Amino acid sequence: MRRALAPFALGLAMLAALSACGLKPMYAGGRSGAAAQTLASVQVEPIPGKNGWLMRNALSDRLAAMGEAQPRYLLKVQLDDRIEGLGVRADDTVTRERRTLRARYQLVDTQSGETVLDETSGWDAGIDVASSEYATVAAENSALERLTEIVADRVLARVALAARE
């Protein structure tokens with residue numbers, strides 16, 4: 001009986017210790033919380049290029065989910081999108097590529113003109129190079145779409161964290 005209660009008691013002790021660690025939910029308060037209110041007031045500046053169009057749409061979709069508010073912040077994003085060959089055969093053909101998407105972003109307070117946040121975030125994706133050029137281009141495009149979603153999530157998570165601070 002004591003052995004059966006030991007894991008339960010240990011779990012309760014860990015739960016009590018966790019509650020005392022000072023962790024706070026980022027989106028506490030739902031749409032009325034500080035993070036959601038700040039995100040709802042962010043407007044994304046147009047970003048040039050296909051990758052910019054994808055990134056702006058990903059950011060705008062996530063911000064729209066936070067509700068509508070008077071725009072107070074402007075999010076400026078500069079993208080660096082690179083594809084480099086990794087695996088090379090004896091005949092110098094590439095067999096594997098890495099696509100890297102980096103975003104330098106600035107959150108500017110439109111009322112004061114002050115830059116509140118100036119950081120960089122990015123992610124990489126591996127691509128198999130197929131014998132068909134069409135398949136390789138499709139894989140590169142698919143990787144770009146996935147990367148924009150991931151980087152957009154990372155950017156907005158950092159903006160929400162700054163809003164909470």
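The values are calculated or read from the model by the stated rules, or taken from the named source; none is laboratory data. Computed from a prediction, not measured in an experiment: that's the story for all the values here. Here Cβ is always computed from backbone atoms with ideal geometry, including for glycine, and neighbour counts include all displayed protein chains.
Residue by residue, here is whether (1) of a type in the set (Ser, Thr, Tyr); (2) touching a Lys or Arg at 6+ places or on another chain (Cβ under 8 Å) holds:
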position	(1), (2)
75	no, no
81	no, yes
92	no, no
99	no, yes
105	yes, yes
113	no, no
119	no, yes
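Within the range 83-95, the set of residues being surrounded by 13 or more Cβ atoms within 10 Å (Cβ to Cβ) and modelled with pLDDT of 90 or more comprises just one member, 83.
Tell me, yes or no, whether the range 99-110 has at least one residue that is closer than 20 Å to residue 40 by Cβ, touching a residue at least 12 places away in the same chain (Cβ under 8 Å), β-branched (Val, Ile, Thr) and part of a strand (DSSP E or B). There is at least one residue in the range 99-110 that is closer than 20 Å to residue 40 by Cβ, touching a residue at least 12 places away in the same chain (Cβ under 8 Å), β-branched (Val, Ile, Thr) and part of a strand (DSSP E or B).
Looking only at the range 92-107, residues that are over 17 Å from residue 81 (Cα atoms), aliphatic (A, V, I, L, M) and within 19 Å of the chain's Cα centre (by Cα) come to 1 in all.
Applying the criterion of being assigned to a helix (DSSP H, G or I), in contact with a helix residue (DSSP H, G or I) (Cβ under 8 Å, 6 or more places away or on another chain) and of a type outside the set (A, V, I, L, M) to the residues of the range 120-150, the residue that is surrounded by the most Cβ atoms within 10 Å (Cβ to Cβ) is 148. Within the range 62-75, restricting attention to residues that are part of a helix (DSSP H, G or I) and in contact (Cβ under 8 Å) with a residue 60 or more places away in the chain, the residue that is surrounded by the fewest Cβ atoms within 10 Å (Cβ to Cβ) is 62.
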